[in-house]
């Protein structure tokens, strides 16, 4: 009989903790809905006590996302737990609190400054409180990989007795090797008397590049929930990549007689959505979802694939969402075809959103012969009319050449009023950025500027990612257009819209630095 592995996705919580990966409320909801369609069992929607914004996003996701369990992270503190309970309450019987406390000697002594007995008591009290507030409670022993085994068995037994029905064993700092980690799971299952009353989960970090390997070892030794992220996002070197774990289990079903509820054909579209929203590009040679994952350049490989695909492909591109045959979308396509394609990509577009998205689709289709899936995803994050924004690009004109200094003239609608500016720069993009920033009351500085052609051909859309910093906040912005300077302007404006209280400069409506 095939066994079942539960997929716990923490892209919206641990993934967002990657530097520069913060997402706004609408983006989080969109990703959560895509994760639910993907078939994720548990969505860790955020850390509700961390901020008002985090609370609101968890509450919205719990209210709007169906099927999946919605979890809120909470430290082993009453304030954290009650706040998390409020946030996940709309999910009803699918509401989960994921509470944690550190259990390794270095964490207990240096960070918590608590005695082991006090740590156990805090953990038990927290689980009992959480269990009185929500139907599902998960307990996590932070830094379990470096924890004393006897103490780890003790606290796991106590928290199961207190009501935790999922026990998470994290390799928080990515320190363990597969044989060590697998043995740790095996010991817990064999030594903890009430281990049969809980599902054992793992959360592996990738500091030594072993997150997926450690997760697989844990599965082999009895873990039945894996905490992971899309594209392996997460703190420092990231987490175990969901797409890799899922496809290993599926491709090597001869070795792993275990299944997940994931619709693997939605892995690539979900990966692209997360990449574009977070501004974290996927490396071309990334397993499963990288652009080169199914590309063959070697003549020997090409010859083999042409004769029989399985000579060099252990899975089909279509099985993970790379498609070569699809309905062609162009300027003559209607809303029904567009809506159907979004459904196939696992993207939910409401009736209220469709008019603005369709208008941008038509605008792009007039420029291109064919609109690709990558274009459709970019339209969602690049269209200022889809999500309410206070700053919108009205017009942009740039003049540049080898013998002249580039100059950009820009018109922005800021809080409903149109403002114009013109500025010079070291290049056309720099001039456009100078003109935009001249109209806005911001001291932000550019940390990253990245350009990527998201479809092939000379009429390809250019996707631009920028990362800006204002004070202690680091924000990503994305923009896409067949004109790379326009895409750059849209990316900067997208980032500016994520900053609080950014408005027009009060000097005057017409500004010129030329």
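Quick rundown of the values:
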{"quantity": "Selection within the stretch 33-71 - farther than 12 Å from residue 9 by Cα, more than 15 Å from the chain's Cα centre (by Cα) and not in a loop (DSSP other than H, G, I, E, B)", "calculated": "48, 49, 50, 52, 53, 55, 56, 59, 60, 62, 63, 64"}
{"quantity": "Test for residue 106: is it in contact with a helix residue (DSSP H, G or I) (Cβ under 6 Å, 6 or more places away or on another chain), assigned by TED's automatic domain parsing to the domain that holds residue 213 and not in a loop (DSSP other than H, G, I, E, B)", "calculated": "no"}
{"quantity": "Extreme residue, surrounded by the fewest Cβ atoms within 10 Å (Cβ to Cβ), among residues of the stretch 98-107 that are in contact with a strand residue (DSSP E or B) (Cβ under 6 Å, 6 or more places away or on another chain) and more than 8 Å from residue 139 (Cα to Cα)", "calculated": "102"}
{"quantity": "Enumeration of residues in the stretch 169-212 that are in a helix (DSSP H, G or I) and either surrounded by fewer than 20 Cβ atoms within 10 Å (Cβ to Cβ) or not assigned by TED's automatic domain parsing to the domain that holds residue 18 (or both)", "calculated": "178, 179, 180, 183, 186, 187, 189, 190, 191, 195, 196, 197"}
{"quantity": "Residue identified as crowded, with 24+ Cβ neighbours inside 10 Å, in contact (Cβ under 8 Å) with a residue 40 or more places away in the chain and within 26 Å of residue 169 (Cα to Cα) among 95, 87, 68", "calculated": "87"}
{"quantity": "Total residues in the stretch 231-288, condition without any contact (Cβ under 8 Å) to a residue 12 or more places away in the chain and within 17 Å of residue 205 (Cβ to Cβ)", "calculated": "0"}
{"quantity": "The one condition in (1) out of contact with any strand residue (DSSP E or B) (no Cβ under 7 Å at 6 or more places or on another chain); (2) in contact (Cβ under 8 Å) with a residue 40 or more places away in the chain; (3) assigned to a helix (DSSP H, G or I) that residue 217 fails to fulfil", "calculated": "(2)"}
{"quantity": "Residue count, the stretch 239-282 (criterion: part of a loop (DSSP other than H, G, I, E, B), modelled with pLDDT under 95 and touching a strand residue (DSSP E or B) at 6+ places or on another chain (Cβ under 9 Å))", "calculated": "6"}
{"quantity": "Matching helices (runs of 4 or more DSSP H) fully within the stretch 318-404 where at least 1 residues are under 27 Å from the mean Cα position of the chain (by Cα), at pLDDT 80 or above and closer than 27 Å to residue 420 by Cβ", "calculated": "354-365"}
{"quantity": "The stretch 423-450, subset closer than 25 Å to residue 376 by Cα and modelled with pLDDT of 85 or more, residue nearest to the chain's Cα centre (by Cα)", "calculated": "449"}
{"quantity": "Single residue of the stretch 291-309 satisfying the filter (touching a helix residue (DSSP H, G or I) at 6+ places or on another chain (Cβ under 9 Å) and at pLDDT 70 or above) that is farthest from residue 463 (Cα to Cα)", "calculated": "294"}
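Every residue, every condition in (1) part of a loop (DSSP other than H, G, I, E, B); (2) surrounded by 21 or more Cβ atoms within 10 Å (Cβ to Cβ); (3) at pLDDT below 75; (4) on the phi > 0 side of the Ramachandran plot, yes or no:
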site	(1), (2), (3), (4)
468	no, yes, no, no
477	no, yes, no, no
486	no, no, no, no
490	no, yes, no, no
495	no, yes, no, no
500	yes, no, yes, no
511	no, no, yes, no
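The values are calculated or read from the model by the stated rules, or taken from the named source; none is laboratory data. Note that the structure is a prediction, hence the values are computed from the model and not measured. Cβ: placed from backbone, ideal geometry, glycine included. Neighbour counts: every protein chain shown.
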